[in-house]
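The values are calculated or read from the model by the stated rules, or taken from the named source; none is laboratory data. Predicted model only: the values in this text are computed from it and were never measured. Cβ: placed from backbone, ideal geometry, glycine included. Neighbour counts: every protein chain shown. Note: areas computed on protein heavy atoms with side chains; ligands, DNA, RNA excluded. Shrake-Rupley method; radii C 1.70, N 1.55, O 1.52, S 1.80 Å.
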Amino acid sequence: MASSEAHPWLICDNRLEIRDQLLAILAGTTATGDLSEVRRAWQALPDDLHEAGLEVVLQTHLFAGYPRTINALGVIRSEGCSLNTSSDAPPEQWRSDGESLCAEIYAGSYEPLRKRVASLHVDLDSWMLEVGYGRVLSRPGASPRQRELAVLAVLGGQDVAPQLTSHLRGALHVGATIDECAVVVELLEFIWGAAVQEKAGHVFDVFCEKRSKS
């Protein structure tokens with residue numbers, strides 16, 4: 001089990017399990033490109049969380065690009081991680097898996113999302129479903145809830161308020177609580193810096209306010 005001493009950034013007030021915080025920190029530092037922090041986050045992970053850790057790093061290429069994902073994986077390999085087998089579903093399953101997971105995450109906003117992305121480019125809509133939500137985010141090894149919390153740690157530093165809002169909503173749809181999301185938003189101060197956290201915190205506050213009125 002991970003302990004509160006495993007990493008100095010952990011928020012130990014029982015709102016979000018330490019294990020899930022470590023996954024979010026690992027994903028977030030992968031996105032920042034700070035490889036010393038990637039190393040520290042990986043070293044703090046208990047062995048039974050290594051598969052989930054690899055998954056949240058792998059999925060980060062969707063939200064922060066291949067280069068930083070590749071560099072983070074290089075650090076993880078240098079730490080002696082030997083897990084290296086494919087968990088991809090058969091390609092013919094990617095579309096249906098993607099549609100199912102995307103609909104779960106976006107719920108009532110799923111059809112408007114599909115129409116908007118397709119209006120930008122029809123291929124982007126296909127890639128989003130088949131590659132993003134189907135091939136990558138539907139893989140075993142990390143739960144949809146863990147994945148969405150990790151996505152918050154990645155998007156929270158990129159000044160992409162609409163996407164951050166969508167994935168806050170998505171995290172709730174796959175079982176996260178608003179308090180768990182709040183902890184990830186607080187972790188952004190350590191991952192991305194105080195100014196970035198303040199901006200993301202404002203997005204979170206607006207999200208909570210609208211939610212309370214709905």
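Can you give the helix-only mean residue ellipticity at 222 nm for the chain, where every DSSP H stretch with n ≥ 4 adds -39500 (n - 2.57) and the sum goes over all residues, rounded to the nearest 500 deg cm²/dmol?
-21000 deg cm²/dmol
Which residues in the range 157-174 have a backbone N closer than 18 Å to a point placed 7 Å from the Cα of LYS213 along the Cα-to-Cβ line?
162, 165-166, 169
Give, as a single signed number, the net charge of other residues whose beta carbon lies under 14 Å from the beta carbon of GLU92, with Lys and Arg counted +1 and Asp and Glu -1.
-2
Percent relative contact order of the range 156-214, based on C-alpha pairs within less than 8 angstrom and at least six residues apart?
Relative contact order for the range 156-214 comes out at 42 percent.
Residues of the range 89-213: accessible area per residue at 1.4 Å, in Å²?
48 Å²
Local charge sum around ARG139 (other residues, Cβ-Cβ under 11 Å, Lys/Arg +1, Asp/Glu -1)?
For residues surrounding ARG139, the net value is -2.
Given labels modelled 7 Å from the Cα in the Cβ direction, how far is it in nm from ALA89 to LEU35?
Computed distance between label sites ALA89 and LEU35 equals 3.5 nm.
Give me a comma-separated list of calculated 3J(HN,Hα) values for the range 34-44, in order, Karplus coefficients 6.51, -1.76, 1.60 applied at θ = phi - 60°, integers in Hz, x for any Gly or Pro.
Ordered by residue, 3J(HN,Hα) equals 7, 6, 5, 6, 4, 4, 5, 5, 5, 5, 7 Hz.
Pop out the carbon and sulfur fraction of the accessible area of the range 14-157 as a percent, whole number, probe 1.4 Å.
The nonpolar share, carbon plus sulfur, comes to 52 percent.
Along the charge dipole of the chain, Cβ charges K/R +1 and D/E -1, which of VAL203, LEU124, GLN158 sits furthest on the positive end?
Farthest along the dipole direction, towards plus: LEU124.
Could you give the length gained by full extension between SER143 and LEU113, i.e. 0.36 nm per residue of separation minus their alpha carbon distance, to one decimal place?
8.5 nm
Show me the trypsin sites (Lys or Arg not before Pro) within the range 68-101 that DSSP assigns to loop and that have at most 10 other Cβ atoms within 10 Å of their Cβ.
The qualifying sites: there are none.
Show LEU188, LEU83 ordered by accessible area, largest first, where the area counts protein heavy atoms only and the probe is 1.4 Å.
LEU83, LEU188
Nothing charged except the Cβ atoms of Lys and Arg (+1) and of Asp and Glu (-1): what's the magnitude of the dipole of the range 1-82 about its Cα centre? Round to the nearest 20 debye.
280 debye
What whole-number distance in Å separates the alpha-carbon centres of the range 1-73 and the range 94-161?
Here the two parts' Cα centres lie 20 Å apart.
Given +1 on the Cβ of Lys and Arg, -1 on the Cβ of Asp and Glu, and no further charges, what dipole in debye does the chain carry about its Cα centre, rounded to the nearest 20?
Using only the charged Cβ atoms, the result is roughly 440 debye.
Between ILE178 and ALA194, with labels modelled 7 Å along Cα→Cβ, what's the label distance in nm to one decimal, could you check?
For the pair ILE178/ALA194, the computed spacing is 2.7 nm.
Using the Karplus curve 6.51 cos²θ - 1.76 cosθ + 1.60 with θ = phi - 60°, work out ³J(HN,Hα) for each residue of the range 8-21 in order, rounded to whole Hz, and write x for Gly and Pro.
So the J values, rounded to whole Hz, are x, 8, 5, 9, 9, 10, 6, 7, 9, 4, 4, 4, 6, 4.
Ratio of alpha-carbon Rg to the 2.2 N^0.38 Å globular estimate for the chain, to two decimals, please.
For the chain, the normalised Cα radius of gyration comes out at 0.98.
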